[in-house]
Each structure stands twice: as structure tokens, then as C-alpha cells.
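The values are calculated or read from the model by the stated rules, or taken from the named source; none is laboratory data. Just so you know, these numbers come straight off a predicted model, no measurement behind them. Cβ coordinates were reconstructed from backbone atoms using ideal geometry, including for glycine residues, and neighbour counts include every protein chain displayed.
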Amino acid sequence: MVGHAKRKELGVVDLVNEDDKDTLGHARHRIRNYLDTRKGLKNLGILRSERTLQGDYAEWLVARLLNLHLSKSAVEKGLDARDEEGRTSGSLRAKEVRHNP
């Protein structure tokens, strides 16, 4: 554009005060690590939804401890897993796992 000065695009780093720039850098690094971790856990089959990491990990762990096979769908209502005999388990996040014949 002739006759117009180029406007500098400002990023978040440009807007925060000097004391917060270091914190912002650390936060960005940790957020990237968190997102990479979620992706890796999805690839391992541990993280199956966009819910809490702790909840999906707990379901995966309980299923392994009880020799259950998690449902393919993490949102299948009332069904989280099956055992070797085909019995279904409802909520693996609950304190008690109930088998429904």
C-alpha cells in the first residue's frame, strides 16, 4: 500500500509486561507438552475421549487390572467394557465395577 506505513502485528508476548514474558514462555512450553502427551496417550489407546485425562486413564487401568476389553466407543451409553465371557461392565470410574449378565 503506497503512502501507508506498515502496521506491526502484535502478539501476546508484545502485550504482556516484562515480568510476565518468562512465565508466558514456560506456560507455552507446558501447554505444548500437555497436548503432545494427550496425542501420545490417544495413540496408545489409553486416552479415548476429550474428557479428563485422569478419567480415561482410570478406565484403561481398571480394564487392564480386571482383564476387560474396553468398548470401541468411549461414549457408548452404559457400556464401558466386556470380559472374556461377554459380560458387560457399566462405569469403570465408579468405586465398584458391576457385571451385568
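What the table below lists for this structure:
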| item | result |
| --- | --- |
| Any hit, region 52-69, residues being outside any helix (DSSP H, G or I), charged (D, E, K, R), out of contact with any strand residue (DSSP E or B) (no Cβ under 6 Å at 6 or more places or on another chain) and within 30 Å of residue 85 (Cβ to Cβ) | no |
| Enumeration of residues in region 38-60 that are in contact (Cβ under 8 Å) with a residue 12 or more places away in the chain and more than 16 Å from residue 70 (Cβ to Cβ) | 38 |
| Check on residue 47, modelled with pLDDT of 85 or more, touching a Gly at 6+ places or on another chain (Cβ under 9 Å) and surrounded by 13 or more Cβ atoms within 10 Å (Cβ to Cβ) | yes |
| Qualifying residue in region 24-39 (condition: modelled with pLDDT under 85, surrounded by 10 or more Cβ atoms within 10 Å (Cβ to Cβ) and touching a Leu at 6+ places or on another chain (Cβ under 9 Å)) | no |
